[in-house]
Amino acid sequence: MAFAVLAVLRRTCASLTGAMGFIVVALVAILAVFAPLIAMHDPDRLDVLNRFAAPSAEHWLGTDHLGRDLCSRLVHGARVAMGVAVTAIAIAMAVGTMLGILAAYITAQAERVVLIVFDVISSFPSLVLALAVVAVFGPSTLIVVVIVTVTLIPHFGRVARAQVLALRSAPFLEAERILGASGTRMVFSHIVPNILGPLLVLASMDIPVVITIEAGLSFLGLGVRPPLASWGTLIQDGYQFLSDSWIPVLVSSAALAVATLGFTLFGEALRDAVDPRLYREH
Amino acid sequence: MPAARIMNSETARYLASRLVTTVLIVFGAMLLLFTLTTLVPGDPAATLLGPQATPELARRFVHDMGLDQPLHVRLWRFFAAVLAGNLGVDIISGRSVVSIIAAVMPYTLILTFSAIGLAVATGLPLGIYAATHRGSVMDNVLAFVSVAFIAVPSFVIAIFLLLIFAIWLGWLPVLGTSRSGAFLDEFKRMILPTVALAAGWIGFIARLVRASMLEVMGEPYIRTARAYGLSERIVTYKYALKNACIPTLAILGLGIGRLLGGAVLVEIVFARPGIGRLLYDAIAERNYPVVQGTVLVTVILFVLVNLLVDLSYSAIDPRIRREAISSAKAA
């Protein structure tokens, strides 16, 4: 298992773009996990006398409109982005996969209902839907996670269902069934391990999408609440004080751009390394 | 049964199933919006009228809005009103929501359509060039630029454009629309928002056209055309391009949601009027009827465009329709 993972990773990094993506992904992951150790300053400490300070040895990227250390805030922003992405995708993957497996095994009528629900969810313009929900409940990180999770469930559900349909008549499953294996055993010991690969690739390709939605909502002031440092709120803060200094906007937008690009490059290289034909329809 | 009869009944069934899904989606959206407004935390009268509202005023407000009716009556009234084309009244200005949306809609539509136009006009030639020069340095550069355009959120591209062209170079006026309605001024103000919104689509279309061109170029009918001695130009543009364009059409439909979402953010970055700005301001003012109306109109627009694209797609390439039917039967 570990060997197979390493082999896929090596193939993923074989191309230049895949290797670039991997470096960005690894960097963002390290920043997210070790944010408090890496950041040189408290990201929320105000120093109003020192606002819009130019980059220096003390503040590598300068300070924002309240004198907070921009570099430390960017590092903590990685934590928010990854936290939202990993939580939402993990839940969506678990729920979507279960629904997809269920859809492949239940009656044709029930299956059609599940598929229509998937269609209805993916037919909503998700950002606009998110705005409607935020209008009612007010902005919060939880709302962002819930909305993203709901919009991603059909992604995983459809792929899981297609995988199960392809797998269903495989000889080893037939054999298990004849031996009298229980439904739970079939699903968790045989089906899930066999369809996990494609689902994980899908998950990696969804990470930049989630980061974009979170940052977009936070940029509008409708996502993560200040003073918590999200890349979206950092861009918003910088944008409001654009006439004082363009450095905060530039560095926070650049961080978001590099992260989304890196994750996309990595996800695509990973997909090509596993099996490019699987995802052509999506 | 004659083949034509089969086609017709299949077409009819496909059309019917698409229409049913579309209606379901719109009703689902209405139900969701209704549920959301009933979930508004706190007393709506107190929220909307402010702390100075007298009890009588609050009571009259609740009665006027029909909030003292039982839930099923309110749901029924909401559906009846929407189907009659009545989206309610702006609680602040008292104007009808439909007329407010109609007033700002052209701005968003013009921005969206110019972005689509720019994306097709740029993405299509880039994709053809990459496909006909496969493996060249330029092909690799284009592949990277396409991913970058797709991956980086449009509001971030908008901010970069704003920094470069308006702040550092000072070439273009950026914020807002032209008040006087002067065409040239308005045109200049449209450039950056259009480019920001189109960028992702340029990448999408270039990649897609390249991939489908390469696929089509390997087909036997292209080999036959070459064997007949047709010039490479005619083979590429007349035979290959036509079939390679079909997936592009599908992407236009699928991407419209992304585009509408992007338009909201781009409108806000460039302080332009439009649906996005309207929705954003309505959320800030807790102006629920406007939020409700705007979201509903956006969803309907989105679903209708999807339906249109889907139907024209299956009219161009009947295989899609048959695939859809066979997969529906298999399900």
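The values are calculated or read from the model by the stated rules, or taken from the named source; none is laboratory data. These numbers come from a predicted model, not from an experiment. We place every Cβ from the backbone using ideal geometry, glycine too, and count neighbours over all the protein chains shown.
Residue-wise test of (1) in contact with a helix residue (DSSP H, G or I) (Cβ under 8 Å, 6 or more places away or on another chain); (2) among the charged types (D, E, K, R); (3) facing chain B (nearest Cβ under 10 Å).
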residue	(1), (2), (3)
A:197	yes, no, no
A:203	yes, no, no
A:207	yes, no, no
A:210	yes, no, no
A:228	yes, no, no
A:235	yes, no, yes
A:254	no, no, yes
A:259	yes, no, yes
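Restricting to helices (runs of 4 or more DSSP H) lying wholly in the range B:1-83: which have 2 or more residues that are loosely packed, with under 11 Cβ neighbours inside 10 Å, away from every other protein chain (no Cβ under 14 Å) and at pLDDT below 80? Walk me through how you get there before you give the answer.
Values: elements: B:3-38, B:44-49, B:55-64, B:71-83.
In the range B:1-83, the matching helices (runs of 4 or more DSSP H) lie at B:3-38, B:55-64.
Can you tell me which residue is nearest to residue A:28 (Cα to Cα) among those in the range A:257-274 that are under 13 Å from the mean Cα position of the chain (by Cα) and not polar (S, T, N, Q)? Lay out the reasoning, then the answer.
Let us first name the residues in the range A:257-274 that are under 13 Å from the mean Cα position of the chain (by Cα), namely A:259-264, A:266-267.
Applying the additional criterion that residues be not polar (S, T, N, Q) yields A:259, A:261-263, A:266-267.
Details: A:259: 7, A:261: 12, A:262: 9, A:263: 9, A:266: 12, A:267: 14 Å.
By that ranking, first place goes to A:259.
Applying a threshold of 7 Å to beta carbon distances and a minimum spacing of six or more residues, or different chains, the list of pairs starting in the range A:139-151 at a residue that is in contact (Cβ under 8 Å) with a residue 12 or more places away in the chain and ending at one that is among the acidic types (Asp, Glu) reads A:144/A:214.
When residues of the range A:120-151 are filtered for being more than 9 Å from every other protein chain (Cβ to nearest Cβ), over 23 Å from residue B:24 (Cα atoms) and part of a helix (DSSP H, G or I), how many remain? Of the residues in that region, 5 qualify. The lone criterion from (1) under 20 Å from residue B:266 (Cα atoms); (2) surrounded by fewer than 23 Cβ atoms within 10 Å (Cβ to Cβ) left unmet by residue A:219 is number (2). Against the list (1) in a helix (DSSP H, G or I); (2) facing another protein chain (nearest Cβ under 8 Å), the condition residue A:222 fails is (1). Counting only helices (runs of 4 or more DSSP H) that fall entirely inside the range B:204-279 and contain at least 1 residues that are closer than 28 Å to residue B:166 by Cα, modelled with pLDDT of 85 or more and within 11 Å of chain A (Cβ to nearest Cβ), the qualifying elements are B:256-269.
Considering A:250, A:217, which residue is within 7 Å of chain B (Cβ to nearest Cβ), modelled with pLDDT of 85 or more and either within 18 Å of the chain's Cα centre (by Cα) or assigned to a helix (DSSP H, G or I) (or both)? Quick ask: steps written out before the conclusion?
On the way: A:217 fails: within 7 Å of chain B (Cβ to nearest Cβ).
Being within 7 Å of chain B (Cβ to nearest Cβ), modelled with pLDDT of 85 or more and either within 18 Å of the chain's Cα centre (by Cα) or assigned to a helix (DSSP H, G or I) (or both) holds for just one of A:250, A:217, which is A:250.
So for the range B:276-290 (the condition being among the aliphatic types (A, V, I, L, M) and under 30 Å from residue B:132 (Cα atoms)), does at least one residue qualify? No: the range B:276-290 contains no residue that is among the aliphatic types (A, V, I, L, M) and under 30 Å from residue B:132 (Cα atoms). Considering the conditions (1) among the charged types (D, E, K, R); (2) surrounded by 17 or more Cβ atoms within 10 Å (Cβ to Cβ); (3) within 14 Å of chain A (Cβ to nearest Cβ); (4) over 30 Å from residue B:17 (Cα atoms), residue B:310 is excluded by exactly one of them, (4).
Among what's in the range A:226-243 and is part of a loop (DSSP other than H, G, I, E, B) and under 17 Å from residue A:70 (Cα atoms), pick the residue that is modelled with the highest pLDDT.
In the first step, residues of the range A:226-243 are kept if they are part of a loop (DSSP other than H, G, I, E, B); the result is A:226-230, A:241-243.
Next, from what is left, pick out any that are under 17 Å from residue A:70 (Cα atoms): A:226-230, A:241-242.
Details: A:226: 77, A:227: 78, A:228: 83, A:229: 84, A:230: 90, A:241: 86, A:242: 82.
Among those that are part of a loop (DSSP other than H, G, I, E, B) and under 17 Å from residue A:70 (Cα atoms), it is A:230.
Taking residue B:301 as the residue in question, decide whether it is facing another protein chain (nearest Cβ under 10 Å), modelled with pLDDT of 80 or more and assigned to a helix (DSSP H, G or I). Steps first, please.
Numbers: facing another protein chain (nearest Cβ under 10 Å): yes; modelled with pLDDT of 80 or more: yes; assigned to a helix (DSSP H, G or I): yes.
The answer is yes for residue B:301.
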